[in-house]
2 protein chains.
Amino acid sequence: MKNIVTDDTIVALSTPSGVGAIGVIRLSGPQSVTICEKMFPALKLKEAASHTLHFGVVMDGKEVVDEAVVGLFKAPKSYTCQDVVEISCHGSPYIIQKVLQLLIKQGARPARPGEFTMRAFLNGRFDLSQAEAVSDLIASESQAAHHIAMNQMRGGFSNELKELRQKLMDFASLVELELDFSEEDVEFANRAQLVNLLTEMISKIEKLSESFRLGNVLKNGVVTVIAGRPNAGKSTLLNALLNEERAIVSDIPGTTRDTIEEIITIEGIAFRLTDTAGIRHAADIIEREGVARTMQKIKQASIVVYLFDANEMSATDVLADIKKLGGEDNIAVLPVANKVDKVEGKIKAEVKFEGIGSLLFISAKNGQGIEELKKQLCNAALQGADMQHDIVLTNARHYESLQSTMQNLSNAKKGIETKLSGELVASDIRSALTHLGEITGEVTTDDLLGNIFGRFCIGK
Amino acid sequence: MKNIVTDDTIVALSTPSGVGAIGVIRLSGPQSVTICEKMFPALKLKEAASHTLHFGVVMDGKEVVDEAVVGLFKAPKSYTCQDVVEISCHGSPYIIQKVLQLLIKQGARPARPGEFTMRAFLNGRFDLSQAEAVSDLIASESQAAHHIAMNQMRGGFSNELKELRQKLMDFASLVELELDFSEEDVEFANRAQLVNLLTEMISKIEKLSESFRLGNVLKNGVVTVIAGRPNAGKSTLLNALLNEERAIVSDIPGTTRDTIEEIITIEGIAFRLTDTAGIRHAADIIEREGVARTMQKIKQASIVVYLFDANEMSATDVLADIKKLGGEDNIAVLPVANKVDKVEGKIKAEVKFEGIGSLLFISAKNGQGIEELKKQLCNAALQGADMQHDIVLTNARHYESLQSTMQNLSNAKKGIETKLSGELVASDIRSALTHLGEITGEVTTDDLLGNIFGRFCIGK
C-alpha cells in the first residue's frame, strides 16, 4: 500500500455538478479543520464538538465568497474515520469552483474518484466488497438493484465469505502445521473433515457463482424483447405494460430512457423492454430469418415474450416460431396468445393451442391477463431465487475471484483424494485463501484499489 | 398573504438531480422533526440540540432504504426560521426518490420552487430584494455577477433604499399631519427641505436606474462581437483571447458554451464573444450591408471590436467601416489595428491612422497588445463604474418599481413647486412609498411573491 497516501487532506464536490439550491464540498484528512478555519475567519471549529453545524461566511481576503453551513465530523467518528468537514454552499457553479480553489490554495488536494470511500476502507470502516457496494448503491435504479447493493454494503455478502474463509483458515493452519512436522508423518487435519469442508465450500461458491447471471440482470435491468409477427399487437402490449409505470419511472430524476428502450419496474425489478422498429417487425424476421441485427437483440435478451394473435395462428406455426426464437440456453421464451377478447371462447383457444407449455392468454387491448404476464415476467427474471433473502453476486471481480477460489479448492480436494503431498494441498488452500481475501480486501494491491475506486464518482 | 400557507411542512431535494456521492433532502415546517423521526426509528431527534448531526438508517418498514446523516436546525435558528431537517442520503436517484416518497407519505408536502426562501422572507429573515438575490447568487457565473448578487443578498441595496424610504416617510407623515389640520393652514413640513429631499432622491434613483444596463450586462455577460473584413485576423484574435482563459472556464462545472459563443472572464467580468461564421465574415456584410442577421448580432452587442489589418487598410476605409458599425447609442466600438508585427514601424502606423480616436495596435499572432485590449474591454464594460463599491441594479422588477417611484417623486416635486393642494402631493408621496416598498417587500401581494419565487429552483 506504499503508494497510497492517506495523511494529506482531500477535497471534492460531493453533490452532482450543475446549478442547485445547495452544493456540498467535502474535506477529509488531518488538516480538514485547520484549512476550513482559514476560509471562515469568524468560526472556531477546533474547539467545536464533533457532529455539529456552524453557520459562517466564506471570505477570500476582504471579499465575501458565500454564506455557508459547515458540518463537522471529528475523527474517528466520520465516514473516512478521519476529520471530515462538509461545507454546504449555495449551489452556484461559480461559488463552488471558487470555494474549491480557495480550499486547494489553503493546502487541500483534489480527491480522486472514490478516494473518500477508499480511506474508509483503508481505515477499517468496512471491507472491500462493502466499499464496492457503495458505488453500486449510488448507481442502483430499481428496488432489486438497491436491495442487493444495500445488503452487500451492510455486510451480508462479506459475512458469508468471512465464515467460509475462517473455516478454511482453521484447517489451513493445521495443514501448515503438519508441514512443519512433515518428517514425523502426523495428521493434525482430519482429511475426511477437510474434504467435507471443501465440498461444502465448493457447493456454496458454485451457488454464489450461479447467482452472478441473476445478479447482473437485477443490477442492470432484465433485457426483455417483445417479438411476434406483424399485427400480433406488440406495441399495444408495450403500451399496456408501460401505461401505469411510465409516470413512476419518469418521476425518478436521472432515469435515462433512450428511444430504443423503455424501462418498467415490476415488483421492484427493472425490465428493459426493447422497442425497436426492428423488433416490432421481428415476425418478418422470423419468417425470413437471418436479419442479424434483430436476432442479435434477442440473443442479448434474458426474456423473449413471443406474442401472437390467437385468432390467426395455428399451434404448429406458434411452435415453429418459438423454436426459431429459443435457440439460446439462457433465454426464457414466454409464449403469449393475444386478442383473446376476439376469440369465441377461451376454452376453444386453449384446446387449439394444446401442447404449448405454460401458454398465457391476454388481451393487450382491454388489459386482460396483463397482471398474470407481469407475474410471469418476474418469475422468469428471478429464476426461483428469493430476492429478499438470497445473497446475489453482482460484481464481475468477485465472480472471477470466486471462480479462481473454486478451482483452487477443487485442486486441493483432488489432491487429498489422490493423496498428493501436503505441500501441494497447502499451496492450493493458500491460493484459495488469497482469492477469497481479494474479494473482501484482506489481500489487495495498489493497482487493484486504484482500479476499483477509479470507477467511483468524485466526492464519494 | 391569505393564500400562502407556511404552517405545513415542505420537502424537496436541494442538491442538483442526477447521480452523485450525496444528495441532500431538506424539510422545513413544524412537523419536520416528527416526520423525520418516523423515517429513522433509531434516532431521537426531538430531544437533540439544534445544529447537530446524526448518523441514522432510513427504514421503510423492515426494508433498509439508506444509511444517511441528518442535520438538525431548530426554529428559529434556521434558514427559514422554522424547524429544518437536512437528510444527506447516498446520491442515487432511486434512493432520493424513495426517501422523498416516504417523507411525503409521512405528511410532508413537496415544496414549490423557492418556497424555502419565501418562508425565510415571510418570517423576516431578510427582505424581498435580498431573497431575490439568493436566486441571482446561485445563477451567477462570473465574479462581477457574484459580487453584485452577494452585495444585494447581504443588504447593501436594501440599506440604500431603506434610508431613502425612511427620509421620505418622515416627510410624508408631516405632510399627512398638515392634511389633518388643513383648515388651519399650517405647514409642518418645510417645503424647501422637501423639494431638496425629492431632488436628492430623484437623482439617486436616476443613478441607480442608469446602473441597470450595466448590471444586466455584468449579470448576464457582456455581449462582445469581433467584426472586421476577411483576413483581418478575427479568429486568431479570438483564440488569443480564449487561450489562457479556456482552461479556467471549462474547469467551472455547469458553464455552458454553445457553438456560437465563447465565454471568457477578464478581471471577473464575463464576456460573451460571438463567434459565428457570419460575424467572421462581417466585413463582407459591412461592404454589402443589410445581411440582417449578422447586423442584428451587432445591435445586441454591448461592445464591438472592429479589427482590421494595419497593413491593408487606409484610415478612410477604417473610419467608413466604423461609421457603419457604430450606429447604435449603446454600443461601444473599439477599433483595433492588427498585424502590427508586420508593419514596418509602429510610429508610421500611428501616423497612417491619425484621426481615429483611441486606436489600439495589436498582433493577435504574437500576443502584443492583447493585455491592453483586455483592459479596454473591461473599461468599456464598466463604463466608469466602480464594481467594488457602487450599488448596481440587476433586476427588471426593481428597475420598473424605481421608474414608477421616480415618476411619483417628480409629480410630487412639481406639485409643491406649482403649489398644488397638499392632498395631491401626499398622494404622490404615498405612491412613491408603495413602489419603493415593493422592492424590499414591505408591500407585496400573493401574485407578486408567486411570480418572484416561482423563478427559483426547487429546494431553495
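Filtered by the rule that a residue be away from every other protein chain (no Cβ under 12 Å) and out of contact with any Asp or Glu (no Cβ under 9 Å at 6 or more places or on another chain), the stretch B:69-79 gives a lone residue, B:76. Condition first: among the small types (Gly, Ala, Ser), open to solvent by less than 10 Å² (accessible area, probe 1.4 Å) and without any contact (Cβ under 8 Å) to a residue 24 or more places away in the chain. Can you find one or more residues in the stretch A:13-36 that meet it? No, that holds for no residue.
Scan the stretch B:121-139 for residues that are closer than 13 Å to residue B:150 by Cα and more than 14 Å from chain A (Cβ to nearest Cβ) and the total you get is 1. For residue A:226, the conditions (1) closer than 30 Å to residue A:302 by Cα; (2) in a helix (DSSP H, G or I); (3) in contact with a helix residue (DSSP H, G or I) (Cβ under 9 Å, 6 or more places away or on another chain) are fulfilled apart from (2). Quickly run through the stretch A:49-68 and pick out the residues that are of a type in the set (Gly, Ala, Ser) and either within 11 Å of chain B (Cβ to nearest Cβ) or farther than 17 Å from residue A:106 by Cα (or both). Passing the criteria: A:49, A:50, A:56, A:68.
Does residue B:87 meet the test of being facing chain A (nearest Cβ under 8 Å), open to solvent by less than 10 Å² (accessible area, probe 1.4 Å) and touching a residue at least 40 places away in the same chain (Cβ under 8 Å)?
Numbers: facing chain A (nearest Cβ under 8 Å): no; open to solvent by less than 10 Å² (accessible area, probe 1.4 Å): yes; touching a residue at least 40 places away in the same chain (Cβ under 8 Å): yes.
Taking the combined requirement at face value, the residue does not satisfy it.
All of (1) at pLDDT below 85; (2) in a helix (DSSP H, G or I) hold for residue B:259 with one exception: (2). If you filter the stretch A:164-193 down to residues that are open to solvent by 10 Å² or more (accessible area, probe 1.4 Å), without any contact (Cβ under 8 Å) to a residue 60 or more places away in the chain and of a type in the set (A, V, I, L, M), you find that the one that is farthest from the other protein chains (Cβ to nearest Cβ) is A:186. Note on the stretch A:381-428: residues that are open to solvent by less than 60 Å² (accessible area, probe 1.4 Å) and not small (Gly, Ala, Ser) amount to 20.
Consider residue B:107 carefully, then state whether it is out of contact with any His (no Cβ under 8 Å at 6 or more places or on another chain), surrounded by fewer than 22 Cβ atoms within 10 Å (Cβ to Cβ) and in contact (Cβ under 8 Å) with a residue 60 or more places away in the chain. Before the answer, list the steps.
On the way: out of contact with any His (no Cβ under 8 Å at 6 or more places or on another chain): yes; surrounded by fewer than 22 Cβ atoms within 10 Å (Cβ to Cβ): yes; in contact (Cβ under 8 Å) with a residue 60 or more places away in the chain: yes.
Yes: the conditions hold for residue B:107.
Listed conditions (1) over 14 Å from the mean Cα position of the chain (by Cα); (2) away from every other protein chain (no Cβ under 14 Å) are all met by residue B:217, apart from (1). Taking the stretch A:276-359 as the region of interest, the helices (runs of 4 or more DSSP H) fully inside it that hold 1 or more residues being modelled with pLDDT under 65 and surrounded by fewer than 20 Cβ atoms within 10 Å (Cβ to Cβ) are A:277-280, A:282-288, A:292-300, A:346-352. Within the stretch A:443-459, is there a residue that is within 14 Å of chain B (Cβ to nearest Cβ), touching a Leu at 6+ places or on another chain (Cβ under 9 Å), under 30 Å from residue A:117 (Cα atoms) and open to solvent by less than 20 Å² (accessible area, probe 1.4 Å)? Yes, because at least one residue in the stretch A:443-459 is within 14 Å of chain B (Cβ to nearest Cβ), touching a Leu at 6+ places or on another chain (Cβ under 9 Å), under 30 Å from residue A:117 (Cα atoms) and open to solvent by less than 20 Å² (accessible area, probe 1.4 Å). May I ask you to verify whether residue B:394 is of a type in the set (Val, Ile, Thr), under 22 Å from residue B:152 (Cα atoms) and either at pLDDT 90 or above or assigned by TED's automatic domain parsing to the domain that holds residue B:162 (or both)? Judged against the criteria, residue B:394 is a match. Mind listing just one residue for me: the one in the stretch B:1-48 that is in a strand (DSSP E or B) and not small (Gly, Ala, Ser) and, of those, farthest from residue B:105 (Cα to Cα)? Step by step, filter the stretch B:1-48, then rank; the result is B:22. Only one entry of A:117, A:80 meets the criterion of being outside any helix (DSSP H, G or I), more than 27 Å from residue A:263 (Cβ to Cβ) and open to solvent by less than 30 Å² (accessible area, probe 1.4 Å), and that entry is A:80.
The set of residues in the stretch B:142-163 that are more than 10 Å from the chain's Cα centre (by Cα) and in contact (Cβ under 8 Å) with a residue 24 or more places away in the chain comprises B:142, B:143, B:151, B:153, B:154, B:155, B:156, B:157, B:158, B:160, B:161, B:162.
Considering only the stretch B:361-372, state which residues are touching a helix residue (DSSP H, G or I) at 6+ places or on another chain (Cβ under 8 Å) and either in a helix (DSSP H, G or I) or surrounded by fewer than 18 Cβ atoms within 10 Å (Cβ to Cβ) (or both). If you could, list the steps in order and put the result at the bottom.
Step one: filter the stretch B:361-372 for residues touching a helix residue (DSSP H, G or I) at 6+ places or on another chain (Cβ under 8 Å), giving B:361-362, B:364-365, B:367, B:370.
Correct list: B:365, B:367, B:370.
The values are calculated or read from the model by the stated rules, or taken from the named source; none is laboratory data. Just so it is clear, the structure is predicted and the values come from calculations on it, not from any experiment. Every residue, glycine among them, receives a Cβ derived from its backbone with ideal geometry; neighbour counts consider all protein chains shown. We work out accessible area using only protein heavy atoms, side chains counted, and drop any ligands, DNA or RNA first. Shrake-Rupley method; radii C 1.70, N 1.55, O 1.52, S 1.80 Å.
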